[in-house]
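Working notes, beginning with the structure itself.
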Amino acid sequence: MTHELLGYIALFAPFVAACVITLFTLRSKATSGGIALAGIVAALVATVLIAVDVFPAEPTTAAYEIEWLAVGGVTIPFGIQIDALSILMSLIVTGVGSCIFLYSTGYMKGEDGYSRYFACLSLFAFSMQGIVFSTNLVQTFMFWELVGVSSYALIGYYFHKPAAVDAGKKAFLTNRIGDFGMTVGILLLFYTLVQASETISGVTASFTFDHIRAIYQDEAIWTQLVQSHETALMWAGLLIFTGAVAKSAQVPLHVWLPDAMEGPTPVSALMHAATMVAAGVYLVARTYFLFAQFEMALHIIAWMGGITALLAAAMAFVQHDIKKVLAYSTLSQLGYMTMALGLLSPVAAMFHLTTHACFKALLFLGSGSVIHGCHHEQDMRQMGGLIKKMPITAWTFWIGTLALAGIFPLAGFWSKDAILSAASLENTWLYGIGVLVALMTAAYMGRCCILTFHGEYRGHAKPHESPATMTIPLVILAVASLFAGLINLPKGFFGRETGGWLEHALVGSAAAPSWSAGLPVEEFHPWVAVWGTVAALAGIVLAVAFYGKRWVSIDRFVSAIKPLHTLLERKYFFDDAYLWLVREVQQRFARLCDFVEVYILRWLVDTVGALHRWVGGQVRLILDGHLHRYVTVALVGAVLILSYVLVGV
């Protein structure tokens, strides 16, 4: 089969599954689960078949499009982009997604809305595939919004729980802020290109990635373009980046992601570890030409990522809900990826996105297995000693933890080292933040594992190992977490003269048409690897000292840092600030608008209407068909005219 046909299968197979479930199989749980699983597996198989051709020694790229909309002289296509970047992301979505779909058939078995769940999950997978394969900004934005709708449905799956409903609304509304900025950015970019096309030869206004990239990467055109439109182009890129800020939960639009843990655990694994939150990173990578030319934009992106990584890692220490720990860990790792993008290292960002998808999905599914085995208990203070009752879950969870911490030679070591290497070359302060976050990550994840799996059981349920439908995906993802880092062994490691396979696939020849030429080559820096590993090991030692051996009194330590502990528990008061903004500012402004509407605008409208009614009534009296009124009016008119003539004379 051709790449075009396979690409459309990879895109639409989950959508077909969602439609079939919704229309025909809502009352059959087993059938609905099977159809959803078949849809995502079909997408995975199609993606793998394309990858066999896209990832050889000399990668290829192509865009298959049809005319979708034509407005004036502007044509907006609908199509699929086939290159190394899109296929890599599709492998993540469908590969990790297939494990999560299989896991869900066991985890969600007793739920009443089982078929609804799989219909929404398939719709979400279709939405993500749409973002991955889009060839232009309009198509991307359409699927971007569809991801928001389907995530709202999945986060609020337990609609009888007020917390889940509120979490869904919070996620939806927070993402709308970023989406509004993204909309303005797309329009500003198009408008700027329209203006430039009037004076600069070779510039054509378009929404298509290939066309815009060609403009940005043509030195002659770019020199003229930047002289007259530099500020507008930079702001267009940054406004588009606000969409990524919201979707990838960067500070200050990060507040929705921890609350989104109210959804089912497989949803958390799919949306908030492997795919949805990674969509923002993918968007920046796909449109990297919009940012690579502007040093200020890159600084903003890098620092926003670094700050997010640090603040989120600190908040993970005070969480008792096992899923909340992983949620803040996700925030922190997304900050790592965003920081890498700002440090001219999109390869490192996509590399970490790939490895993170494996071990973070493993950790989320592992937490779901713990919750399932402990009869829906999520508080780590009510766990302990589970390694004896749930050995498969425990050991796979530990593998995911060590991979996340960046312990050699697991997957996280290689991708974390790539980001730290880029930071060490580009920005010393961000490198320091990166090393500190590595220590903190190992510490809070060590705390999570020790409280959950070691010591004595502190709960009241009878924990048990999960069924094979749940443990098999854990084993698959654990293997991926062990070996995924091998796809991009860096240049210089044990004398390697070239970069890794992933780097070659993404920046070699024509493989990644959205990236600018001249990006720095990823290299292995031994001291960076050593310090990163030392930081990770130190974090694990701290976790053992505090929570394993109890060499340090936790209560005494918390008392010593009470103000900081309170700050972390209150999540830096972001939620309080937003609540105050809504209640005190937005609501007061709403009351002012209500007053203006009711007592001013409505009064004006009613007064004008009443005046017209009165005038109309008077005219109606005059023109009511009675002859004596006409004669009287005519006589009065004649007298007035005669008086005017006489006075005028």
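The values are calculated or read from the model by the stated rules, or taken from the named source; none is laboratory data. Everything quoted here is computed from the prediction, not taken from an experiment. All Cβ positions, even for glycine, are placed from backbone atoms using ideal geometry, and neighbour counts span all protein chains on display. Calculation scope for accessible area: heavy atoms of the full protein, side chains included, ligands and nucleic acids excluded. Shrake-Rupley method; radii C 1.70, N 1.55, O 1.52, S 1.80 Å.
Numbers for the structure displayed
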| read-out | value |
| --- | --- |
| Taking segment 253-349 and dividing mean pair separation by its residue count, relative contact order in percent (alpha carbons under 8 Å, at least six apart) | 33 |
| The chain, accessible surface, carbon-and-sulfur percent (1.4 angstrom probe) | 69 |
| Relative contact order (%) - segment 9-148, alpha-carbon pairs under 8 angstrom, separation at least six | 34 |
| Summed residue charge, Cβ within 15 Å of ALA292's Cβ, Lys/Arg positive, Asp/Glu negative | -3 |
| Greater than 21 Å apart at Cα, pairs in LYS170/LYS323; LYS416/LYS571; LYS360/LYS549 | LYS416/LYS571; LYS360/LYS549 |
| Rounded accessible area of PHE159 (nearest 10 Å², 1.4 Å probe) | 140 |
| Computed accessible area, GLU230, all protein chains, 1.4 angstrom probe, square angstrom | 100 |
| Kyte-Doolittle mean at least 0.5, axial Cα span of 27 Å or more - DSSP H helices of the chain | 3-24, 29-54, 84-107, 114-133, 162-197, 219-247, 295-316, 322-342, 346-373, 428-453, 627-648 |
| Mean ellipticity per residue at 222 nm, deg cm²/dmol - from DSSP H runs of n ≥ 4 across the chain, formula -39500 (n - 2.57) | -23000 deg cm²/dmol |
| Average accessible surface area per residue within the chain, 1.4 Å rolling probe, Å² | 43 |
| For the chain: relative contact order, % (alpha-carbon pairs under 8 angstrom, 6 or more apart) | 13 |
| Cut-off 11 Å between beta-carbons: net charge of the residues surrounding ILE419, Lys and Arg +1, Asp and Glu -1 | -2 |
| Which of LYS109, LYS324, LYS247, LYS161 is most accessible, then next, and so on - probe 1.4 Å | LYS109, LYS161, LYS324, LYS247 |
| Set of aspartates and glutamates with alpha-carbon distance to LYS247 below 13 Å, sequence-local pairs under 8 removed | GLU145, ASP179 |
| Heavy-atom SASA rank of ARG570, ARG213, ARG116 (probe 1.4 Å, accessible area, largest first) | ARG570, ARG116, ARG213 |
| Heavy atoms of TYR158 accessible to a 1.4 Å probe, total area in Å² rounded to 10 | 40 |
| Cross-link pairs beyond the 22 Å C-alpha cut-off, checked among LYS324/LYS388; LYS29/LYS389; LYS169/LYS324 | LYS324/LYS388; LYS29/LYS389 |
| Accessible-area ranking of ARG588, ARG286, ARG613, largest first, probe 1.4 Å | ARG613, ARG588, ARG286 |
